[in-house]
Amino acid sequence: MAGLKALGGTSDILPDEAAAWQALEEKARRVLRRYGYQEIRTPLIEEAAVFTRSLGEAAEIVTKQMYLFEDRGGRSVALRPEGTASVVRAFIEHGLDRTASVSRFYYAGPMFRAERPQAGRRRQFHQLGVEVFGSASPYQDVEVLCLLRRLLEGWGLSGWALKVNSLGCREDRRRMVDQVRRQMSPHRAKLCHDCQERLEKNPLRILDCKEKGCIQLSQAVDLLESVCPTCREHFEQVTRTLQALQVPFQRDAHLVRGLEYYTRTAFEVIHSGLGAHNALGGGGRYDDLVEQMGGAAVPATGFAVGLERVLLALESEQGKPPAARPWDAFVATVSPAQIGEALALAESLRQEEVRVFANVEDRPLRRQLEQASKWMPDGFVFILGEEEVAKGIVTVRNLSTGKQEQVRHSELARWIKGR
Ligand code: AMP
């Protein structure tokens, strides 16, 4: 049988990398706590309608990228391609709007999209996202953007840029579709094949196309022309407040988001170290979605950040992080007779938060020291021989200097913590 491998576009996060993931999540949780966000964990699979109803039947993420299957009971089920729809489903299902006037949630976990795998584009990838329900205020959009900035800063990223636009209300959206169709139709032949199709079905997506010709044509489009005065005032308030709070941003009159549900404020963060797929994350306001999915008319704002891309961006700024060492010390035995004692010593040290490896094999001390040097070149070996056991001491060997000294068992935890 051929060797089994992870599916294309999916990856194992190996122990050396997992430390970086944990650090990312811990730093994020620390920031999120300060803004009062609480974690929500929704299932990785949902009834397909959760996504078709929210993202729109015509959205490319639904038509081309969703992992869709029939389960054993004949139900149409999807692997979640994004987080917002599931959070909104849960919000409505559990009546979370009744428990607090402003509800703030965050999630972190895998998403699935059947895309052509390439650098920065995976079929299983991870997002960290936030959703705030219950406020239609432009200041709420700004607060969410402040949080996004603090997350990026907390991770240690600097080479990012925030782009902001307004997609207006539902009526504005209809005008925008007409506007783009009107502006693009005379240049149909210059659009790429996909965008010629989009011109009929989903003209706004043309503004998102990465083909040179399409980018050029998009430059002439200013979506704000289609935005009504009320939505425009909302947008002006957002940008004024961002300026006042010194959140760096650029207006981007062609920014559209891939997902259909955004209204008014929409934004994206890009990073200069990422290459072709340079978006770190994005989000915006979605005032109609809760109602559209069967709930009350509850306005909301949120964003999602791609964690693989955050790690790539960090690596582009800081290089690969050094692998973390899992041990503080190695308990070695002179002969197999001390293995039981070595285990007992390791157990008591672990109770005091010392990270120790204990030798359990019948092998010469020399081999154990070689292994310890490989694993922790600047660490310590606690050597147990007949004499040490009899006296209740260990011989501590400093692996970087080769120096040895004797320390009592009872002093050992304190001794190693002092190094
Ligand atoms: P979206 O939900 O499409 O707005 O995506 C939000 C963020 O998730 C993007 O900016 C990326 O950082 C990340 N992302 C989206 N799709 C993928 C993918 N296929 N592979 C890796 N990251 C992705």
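The values are calculated or read from the model by the stated rules, or taken from the named source; none is laboratory data. Predicted model only: the values in this text are computed from it and were never measured. Because the Cβ atoms are built from the backbone with ideal geometry, glycine has one as well, and the counts that use them run over all protein chains shown. Heads up: the accessible areas ignore ligands, DNA and RNA and are worked out on the full protein's heavy atoms, side chains in. Shrake-Rupley method; radii C 1.70, N 1.55, O 1.52, S 1.80 Å.
All conditions in (1) among the charged types (D, E, K, R); (2) out of contact with any strand residue (DSSP E or B) (no Cβ under 8 Å at 6 or more places or on another chain); (3) surrounded by 18 or more Cβ atoms within 10 Å (Cβ to Cβ) hold for ARG149, with the sole exception of (2). Taken together, VAL290, VAL298 contain a single residue that is open to solvent by less than 10 Å² (accessible area, probe 1.4 Å), more than 10 Å from the ligand (Cβ to nearest atom) and over 23 Å from the mean Cα position of the chain (by Cα), which is VAL290.
The conditions of being touching a strand residue (DSSP E or B) at 6+ places or on another chain (Cβ under 6 Å), surrounded by fewer than 16 Cβ atoms within 10 Å (Cβ to Cβ) and farther than 24 Å from ARG113 by Cβ are met by GLY36.
Could you identify the single residue in ALA2, ALA48 that is of a type outside the set (Lys, Arg) and either under 19 Å from GLY302 (Cα atoms) or open to solvent by 70 Å² or more (accessible area, probe 1.4 Å) (or both)?
So the residue among ALA2, ALA48 that is of a type outside the set (Lys, Arg) and either under 19 Å from GLY302 (Cα atoms) or open to solvent by 70 Å² or more (accessible area, probe 1.4 Å) (or both) is ALA2.
Of everything in region 92-116 that is exposed (fewer than 14 other Cβ atoms within 10 Å of the Cβ) and of a type outside the set (Ser, Thr, Tyr), the residue that is farthest from the ligand (Cβ to nearest atom) is ARG98. The condition of being modelled with pLDDT of 95 or more and surrounded by fewer than 19 Cβ atoms within 10 Å (Cβ to Cβ) holds for ASP362.
Identify all residues within region 252-273 that are more than 15 Å from the chain's Cα centre (by Cα), more than 7 Å from the ligand (Cβ to nearest atom) and not hydroxyl-bearing (Ser, Thr, Tyr); write none if there are none.
Taking region 252-273 and keeping what is more than 15 Å from the chain's Cα centre (by Cα), we get 252-267, 272-273.
Within this subset, residues satisfying the condition of being more than 7 Å from the ligand (Cβ to nearest atom) are 252-256, 260-267, 272-273.
Hits for region 252-273 are ASP252, ALA253, HIS254, LEU255, VAL256, GLU260, ARG264, ALA266, PHE267, GLY273.
Taking the criterion of being in contact with a Lys or Arg (Cβ under 9 Å, 6 or more places away or on another chain) and surrounded by fewer than 20 Cβ atoms within 10 Å (Cβ to Cβ), the residues of region 246-267 that qualify are VAL247, PRO248, PHE249, GLN250, ARG251, ASP252, GLY258. Scanning region 2-49 for residues that are in contact with a helix residue (DSSP H, G or I) (Cβ under 9 Å, 6 or more places away or on another chain) and in a helix (DSSP H, G or I) turns up GLU17, ALA20, TRP21, LEU24, GLU25, LYS27, ALA28, ARG30, VAL31, LEU32, ARG34.
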